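Report on one structure; see the data block that follows.
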Amino acid sequence: MSRFPTYFISHGGGPWPWVPAMRQMFANLESALARMPAEVGARPKAVLMISGHWETPDFAVMSSPHPPMVYDYGGFPPETYKIAYPAPGAPALAQQITDLIAAAGLPTHLDAKQGYDHGTFVPAYVMYPQADMPILQVSLQHGYDPAAHFALGRALAQLRDSGVLIVGSGLSYHNLRMFGPGAKIPSEAFDAWLCEVMALPPAERTAALLEWEKAPYARICHAEEDHLAPLFVALGAAEADPAQQVYHDKGLMGGVTASSYKFG
């Protein structure tokens, strides 16, 4: 089996595939996510998601054989709180991942109760709608330290050689207080910076992302970097590989520019 790429994806807003008006707005994102299985090539034995919607004091690893649903959004139609995405978990792989994280000197534990948040089940539904692909998550760590999340990615890198698809699921722009027209200038500037950084040689790319707060409008685009930190993990697992922009959109939610990247 060849080495799998990793991804950082912008996962959109709430349960958008189940809300017709939102689904139309995110049509380009839907196409990009639906292309991912073909881009990857071989069928993964599992998908490992690092979502911007789950964080813990350490790097927790989902270990339930049948993860429940987590409807971590508000103000959507009643039917979106009954969505079922019954993909199986991967307890044995979860233990392997915990061992890798611990071996890297990072704090970790197994979590048998955590379920699929919308940063995971929404893109997974578009990628693998049959819900027959084992899926599990690793949490972000409180504080979002870029170096720690790069280290997590490095600890997970060897999984790429054993059929595990690593996906960092966030958004390249995420400021809940500034969607609409106010997002246009900041998100365009930050997205342009990110595109330039992705074209740098690997060592320079990592150095720039470790100091991401120096980017234009950094703290406007990411008042908290929960939706940016998954990028550090995905890239840490493919640190020497080239980046390819696989999704780009403008005008989302009234003004947001957003992108997704493939590594390797």
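The values are calculated or read from the model by the stated rules, or taken from the named source; none is laboratory data. Quick caveat, the model's predicted, so the values are computed rather than measured. Here the Cβ positions follow ideal geometry from the backbone for every residue, glycine too, while neighbour counts run over all protein chains shown.
Things worth noting here:
- Filtering segment 123-141 to residues that are closer than 14 Å to ILE83 by Cα and touching a Phe, Trp or Tyr at 6+ places or on another chain (Cβ under 7 Å) leaves ALA124, TYR125, ALA131.
- Test: residue in segment 205-228 that is of a type in the set (Ser, Thr, Tyr) and within 17 Å of TYR144 (Cβ to Cβ): yes
- Of all residues in segment 165-190, those being crowded, with 24+ Cβ neighbours inside 10 Å and either touching a Lys or Arg at 6+ places or on another chain (Cβ under 8 Å) or acidic (Asp, Glu) (or both) number 1.
- Test: residue in segment 224-242 that is hydrophobic (A, V, I, L, M, F, W, C), within 20 Å of LYS184 (Cβ to Cβ), assigned to a loop (DSSP other than H, G, I, E, B) and out of contact with any Lys or Arg (no Cβ under 7 Å at 6 or more places or on another chain): yes
- In a residue-by-residue description of segment 58-69, the property of being surrounded by 15 or more Cβ atoms within 10 Å (Cβ to Cβ), over 28 Å from ASN175 (Cβ atoms) and touching a Pro at 6+ places or on another chain (Cβ under 6 Å) applies to at least one position.
Yes/no matrix, rows are residues, columns are (1) outside any loop (DSSP other than H, G, I, E, B); (2) within 19 Å of MET49 (Cβ to Cβ):
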{"position": "THR120", "(1), (2)": "yes, yes"}
{"position": "ALA124", "(1), (2)": "yes, yes"}
{"position": "GLY143", "(1), (2)": "no, no"}
{"position": "PHE150", "(1), (2)": "yes, yes"}
{"position": "LEU159", "(1), (2)": "yes, yes"}
{"position": "SER187", "(1), (2)": "yes, no"}
{"position": "ALA203", "(1), (2)": "yes, no"}
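Listed here are the residues, each with its yes/no results for (1) free of Cβ contacts under 8 Å to residues at least 24 places away in the same chain; (2) in contact with a Gly (Cβ under 7 Å, 6 or more places away or on another chain); (3) of a type in the set (Asp, Glu).
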| position | (1), (2), (3) |
| --- | --- |
| THR120 | no, no, no |
| PRO123 | no, no, no |
| GLN137 | no, no, no |
| ASP145 | yes, no, yes |
| ASP161 | no, no, yes |
| ILE166 | no, no, no |
| SER169 | no, yes, no |
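- Helices (runs of 4 or more DSSP H) wholly inside segment 1-114 containing at least 2 residues that are under 16 Å from the mean Cα position of the chain (by Cα) and at pLDDT 95 or above: 27-40
- Hits in segment 205-223 (condition: assigned to a loop (DSSP other than H, G, I, E, B) and not charged (D, E, K, R)): ALA215, PRO216, TYR217, HIS222, ALA223
- Failed condition for ALA124, given (1) of a type outside the set (Phe, Trp, Tyr); (2) modelled with pLDDT under 95; (3) surrounded by 16 or more Cβ atoms within 10 Å (Cβ to Cβ): (2)
- Checking PHE4 against (1) under 18 Å from PRO230 (Cβ atoms); (2) in contact with a Gly (Cβ under 6 Å, 6 or more places away or on another chain), the condition it does not meet: (2)
- Taken over segment 1-18, the criterion of being among the hydrophobic types (A, V, I, L, M, F, W, C) and either surrounded by 23 or more Cβ atoms within 10 Å (Cβ to Cβ) or touching a Lys or Arg at 6+ places or on another chain (Cβ under 7 Å) (or both) is satisfied by PHE4, PHE8, ILE9, TRP16.
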